[in-house]
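What follows is a set of notes on a single structure, which appears directly below.
The values are calculated or read from the model by the stated rules, or taken from the named source; none is laboratory data. Fair warning: this is a prediction, and the values are worked out from it, not measured in the lab. Please note: Cβ atoms are built from the backbone with ideal geometry, for glycine as well, and neighbour counts cover all protein chains shown. Only protein heavy atoms, including side chains, enter the accessible area calculation; ligands, DNA and RNA are left aside. Shrake-Rupley method; radii C 1.70, N 1.55, O 1.52, S 1.80 Å.
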Amino acid sequence: MKPILLQGHERSITQIKYNREGDLLFSVAKDTVANAWYSVNGERLGTYNGHTGAVWCVDCDWDTKNVLTGSADNSCRLWDCETGKQLALLNTNSAVRTCGFDFSGNIIMFSTDKQMGYQCFLNFFDLRDPQQIEDNQPYLTVPCSDHKITSAVWGPLGEFVIAGHENGEINQFSAKSGEILKKAKEHTKQINDIQTSVDLTMFISASKDNTAKLFDSTSLDHIKTFKTERPVNSAAISPIMDHVVMGGGQEAMEVTTTSTRIGKFEARFFHAAYEEEFGRVKGHFGPINCVAFHPDGKSYSSGGEDGYVRIHYFDPQYFDFELEA
């Protein structure tokens, strides 16, 4: 089936995220706006206007009531999903790189970049306490002086945050005390993306070291490795099959010197158990920056350096295969 092409951004896409039901898809890019789309037909539902810099991250809560965005304009903003009204503005000293709601939708976390003389911080706010929002005072701030956080997600039950760093390290930060509960160092270069499985028991990390790796969320045990011959910008785990999809490409500055064919900008499917590649999907005119599976597992989306979001529908049964013993 022909992919649905979503054209609502003028610059490269930085992150895409489905809501829990999968009827909405949120996209953010380097062009200051966050968009909400109907995933079934690609129609644009609306735009969240207010940021003045590139928007790096987006998340929506469990019941799709609120949307959270983090931007290079040194702010993290909370929006009403339905009306597009800005509910809260949290100012920071440096760009907001990652953000997310916990399972309850009451606690938000976001991390800031290490730049302009400021170090990287991981901040936690409780939305049930309006005073925290008003005073711009998080109930917990965790400094990360060594290596900045490049991607982060909530772990099971909202007890900790799993963060990937620019040196390839993965840490678990407690949401109550801020202490590091566990560490893992399986990657050799920066981690570009972390996404969890639908039941939060596993997560997959995509790295500049040309691999994506599957981990156990609680113990941080390394389970599987998926190797490619170029940096992996994003990876997602299928909610219904033993599949992972990965998107990547070269660094943006090197892209202009090679043709699309050599640039290898396809989304790549790997079997989660056998670690073998079994399918590729073409489409973008540049590196893929982010991928996400629909919660029903029957489609996936990708956002690229070319500024487009593509929704690809497929029958996962065709993708299932048994390796000969």
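Tabulated data for the structure shown
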read-out: Scattering curve values for segment 53-186, log₁₀ I(q)/I(0), Debye with Cα scatterers, q = 0.10 Å⁻¹; value: -0.28
read-out: In order through segment 273-282: 3J(HN,Hα) via Karplus (6.51 cos²θ - 1.76 cosθ + 1.60), integer Hz, x for Gly, Pro; value: 8, 8, 6, 10, 7, 10, x, 9, 10, 7
read-out: FRET efficiency, 1/(1 + (r/R0)^6) with R0 30 Å, evaluated for residue 38 and residue 86 via beta carbons; value: 0.85
read-out: Sulfur and carbon atoms: percent of accessible area, segment 135-260 [1.4 Å]; value: 48 percent
read-out: Linear extension gain, residue 23 paired with residue 216, 0.36 nm per residue minus alpha-carbon span; value: 66.6 nm
read-out: Most to least accessible of 139, 18 (protein chains only, probe 1.4 Å); value: 139, 18
read-out: Leading residue at positive end of dipole, the chain (Cβ point charges), from 46, 217, 103; value: 46
read-out: Per residue, in Å², the accessible surface of the chain once ligands and nucleic acids are set aside, probe 1.4 Å; value: 44 Å²
read-out: Length gained when the stretch residue 313-residue 62 is fully extended (0.36 nm per residue, less Cα-Cα span); value: 88.0 nm
read-out: Extended-chain gain in nm, criterion 0.36 nm per residue less alpha-carbon gap, residue 198 and residue 282; value: 27.7 nm
read-out: Segment 141-230: radius of gyration over Cα atoms, expressed as a fraction of 2.2 N^0.38 Å; value: 1.00
read-out: Area accessible to solvent at residue 181, 1.4 Å probe radius, in Å²; value: 80 Å²
read-out: Stokes-Einstein D in µm²/s, Kirkwood radius over Cα pairs - segment 3-318 at 4 °C with 1.567 mPa s viscosity; value: 67 µm²/s
read-out: 5 angstrom amide H check on residue 304, placed H, neighbours 5+ away; value: 13, 289
